[in-house]
1. Among I340, I185, which comes first, then next, by fewest other beta-carbon atoms within 10 Å?
2. Given all pairs of different Cα atoms, what value in angstroms does the Kirkwood hydrodynamic radius of the stretch 43-201 take?
3. Quickly estimate the mean residue ellipticity at 222 nm for the chain, helices only: each DSSP H run with n ≥ 4 gives -39500 (n - 2.57), and the total goes over all residues, rounded to 500.
4. Taking neighbour counts of Cβ atoms within 10 Å as a proxy for exposure, in what order, fewest first, do K80, K286, K211 appear?
5. Given a Förster distance of 35 Å, report the FRET efficiency between R216 and H267 from their Cβ-Cβ distance, rounded to the nearest 0.05.
6. Scan around W52 for amide H atoms under 5 Å from its own, H built in the peptide plane at 1.01 Å from N, and keep only partners 5 or more places away or cross-chain.
7. For the stretch 136-198, take N as its residue count and report Rg(C-alpha) divided by 2.2 N^0.38 Å.
8. What FRET efficiency do you get for N328 and T208 if R0 is 35 Å and r is their Cβ-Cβ distance, rounded to the nearest 0.05?
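Rule-based calculations on the coordinates, nothing more; no lab input. What you are looking at is a predicted structure, and each value in this text was computed from that prediction instead of being measured. Here the Cβ positions follow ideal geometry from the backbone for every residue, glycine too, while neighbour counts run over all protein chains shown.
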Amino acid sequence: MKAITVEPKIPGSALLEDVPEPDARYGSVLVEAVAVGVCGTDVEIAEGKYGWAPPGKTRLVLGHESLGRVLDPGPSSGLKKGDLVVGIVRRPDPVPCPNCAVGEWDMCRNGQYTERGIKQIDGFMSERWRIEPEYAIKVDPALGILGVLLEPMTVVTKAWEHILAVGQRAFWEPKTVLVTGAGPIGLLGALVGRQLGLEVHVLARTETGPKPELVRSLGATYHSCSVADVGFEPDVVMECTGVGQIIAESISVIGASGVVCLTGVGHGGKMPDIPTANVASGVVLKNNVLFGSVNANKRHWYKAGEALARADRSWLARLITRRERPENYARALERRAEDIKVVIQFSDV
Ligand SMILES: [Zn+2]
């Protein structure tokens, strides 16, 4: 079968190649790939900046934002042939640490977790893949190809769960959220903010393309100014850019007792021009919490499926701005200004 593979840490090593059928040790459920979303992590792996091949191998099958159709449910999965499923990405570490031991592998303490398509387990960019029944999440068949948005939705679902948990340390009635960045995570974060009944503001650089209208059609407000100029003090900031200056300004504008959730993973950039001690003083004097959030556990996968099923399908469909065939993997791994979510489509839904 065909698979898109990379040699991790070797820039430009991505290939569409023939590989053996998926190994039975990957799980008793056999799945035919429908589509796989491409995200910044995939691009970084293809650029040689990240990623680990499975033990004893040099190449890794790429892809962690899956959607597939069950070909063989195996003996004990509760799934049926033809069901649409998405594969959970992370596996608990083998020690396991206390968090992995209780199923909160998203909070792994020792970093020895593994991840499909990223860290030591083959991913989902192959014509067929296997999965353990307990890591296969059945998606609402009415979602069709939109099920490929489930994995990014889990990241947002966990971030929101933690924002609300942190806020509950005191009496807290959040009304406003500022989402910085209008990629898939920012836009899905804004969607959940609206589902929670909050006044949602989204800030991004572009004034053209589909992003401003996508934000407005959620009933949210779009800003293309700097964070410092948004003109209000949000109760929540969901930071999705990873850009130093935007992070620093987000901490400055957050309202008293507000929560700043960092979800972006950035690198380098110039030093922000706000001294650290001044930023910290603001955090102290306003009782702010600043925290990071990554990945998701099974509870978030379940809740994300419900949130996706509740969302307006035509709005979700507008997030998928490009579909590429597997043979055009190089094009799929290019970042283009007008892209929101690019998917590689292996078969029709
Ligand atoms: Zn762990």
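1. Ordered by Cβ neighbours within 10 Å, fewest first: I340, I185.
2. Across the stretch 43-201, the inverse of the average 1/r is 17.8 Å.
3. Roughly -7500 deg cm²/dmol at 222 nm, from the helical runs in the chain.
4. K80, K286, K211
5. The computed FRET efficiency comes out at 0.65.
6. K119, Q120
7. Compactness ratio reported: 1.27.
8. Here the calculated transfer efficiency is 0.90.
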